[in-house]
Amino acid sequence: MSQSHMPQAAPRHLVLVGYRGSGKSSIGKELAMMLGLDFLDTDHAIQEKAGKSVREIFAEQGEPVFRDMETEILEDLVDHARNLPPSVIATGGGMIMRLENRRLLKKLGPVVWLKVEPKVALHRIIADTFTHDQRPSLTEHDLADEVRTMVAERMPYYAATADLTIDNDRPGETREDVAARIIDQLRQSHWYNELVARLNK
Ligand code: S3P
């Protein structure tokens, strides 16, 4: 990770971005455990604040309202970043589409993009029956088309936001392997040393 891409102010958090099925929650929880950080998910924070599921927000209020809620949650997190325990923050797959969100994410800490091929994302989305039912459709297309189109459309925005890109579709790798790879990469950054120093105080 090049130092010029690192957040300027002492960053307290580690941000995960990536498409649905890229493993933000599972890898995020593993990373949090391995680094001794808290774990926070922006979709969960939105659901708690709104008192309803993301699917209900999409159905009852529409996607633009959900997108505004995403920005509000990020603003809250940035405003309270110093009072929050250092955390791994997993974000919704579309969070990177707004320039404002990309700027806010980078204020929280280094951003890790969990990158997956569309067919792997599709396979995981279908296999995850619980969240599959909770996830609103994002387009009128069938799911395979939706994943292909959305991944292609979003790719430049994930790339523009990320300080570190990690493939999460290598066959045979466990979530521990992927989290360990991320930590190995982070160890080379001053962020990691600053965070460890802060945790040991
Ligand atoms: C979305 C992804 C979802 C959730 C919402 C919109 C998207 O989060 O924020 O359904 O636009 O890709 P996950 O990426 O955690 O599924």
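The values are calculated or read from the model by the stated rules, or taken from the named source; none is laboratory data. These numbers come from a predicted model, not from an experiment. Cβ atoms come from the backbone with ideal geometry, glycine included; neighbour counts cover every protein chain shown.
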Original post:
Which condition does VAL116 not pass, out of (1) within 27 Å of PRO171 (Cβ to Cβ); (2) more than 13 Å from the ligand (Cβ to nearest atom), if it passes all the others?
Top reply: (2)
**OP:** Only residues that are touching a Pro at 6+ places or on another chain (Cβ under 9 Å) and part of a helix (DSSP H, G or I): list them for the stretch 31-47, please.
**Re:** LEU35
**OP:** For the stretch 167-193, enumerate the residues that are of a type in the set (Lys, Arg) and either modelled with pLDDT of 95 or more or more than 16 Å from SER22 (Cβ to Cβ) (or both).
**Re:** ARG175, ARG181, ARG187
Original post:
Only one of GLY28, GLY21 is in a loop (DSSP other than H, G, I, E, B), within 13 Å of the ligand (Cβ to nearest atom) and either over 30 Å from ASN193 (Cα atoms) or in contact (Cβ under 8 Å) with a residue 24 or more places away in the chain (or both); which?
Top reply: GLY21
**OP:** State the number of residues belonging to the stretch 72-90 that are within 13 Å of the ligand (Cβ to nearest atom) and either without any contact (Cβ under 8 Å) to a residue 60 or more places away in the chain or over 28 Å from TYR192 (Cβ atoms) (or both).
**Re:** 2
Subject >> Selection count where residues are part of a helix (DSSP H, G or I) and modelled with pLDDT under 95, scope the stretch 79-105 >> reply: 1
Original post:
Is it the case that the stretch 91-106 has a residue that's within 10 Å of the ligand (Cβ to nearest atom), over 14 Å from the mean Cα position of the chain (by Cα) and touching a residue at least 12 places away in the same chain (Cβ under 8 Å)?
Top reply: no
**OP:** Working carefully through the options LEU164, LEU199, find the one that is closer than 21 Å to LEU35 by Cβ and modelled with pLDDT under 90.
**Re:** LEU199
Original post:
Looking at this structure, is MET69 free of Cβ contacts under 8 Å to residues at least 24 places away in the same chain, closer than 27 Å to VAL147 by Cβ and surrounded by 21 or more Cβ atoms within 10 Å (Cβ to Cβ)?
Top reply: yes
Subject >> Selection within the stretch 124-155 - at pLDDT 90 or above, within 12 Å of the ligand (Cβ to nearest atom) and under 20 Å from ARG170 (Cα atoms) >> reply: ARG124, ILE125, VAL147, VAL151
Original post:
Residues in the stretch 120-143: is at least one in contact with a Lys or Arg (Cβ under 9 Å, 6 or more places away or on another chain), surrounded by 13 or more Cβ atoms within 10 Å (Cβ to Cβ), more than 21 Å from VAL54 (Cβ to Cβ) and not β-branched (Val, Ile, Thr)?
Top reply: no
Original post:
In this structure, does PHE58 turn out to be farther than 25 Å from GLU117 by Cβ, crowded, with 16+ Cβ neighbours inside 10 Å and either of a type in the set (Asp, Glu) or near the ligand (Cβ under 8 Å from one of its atoms) (or both)?
Top reply: yes
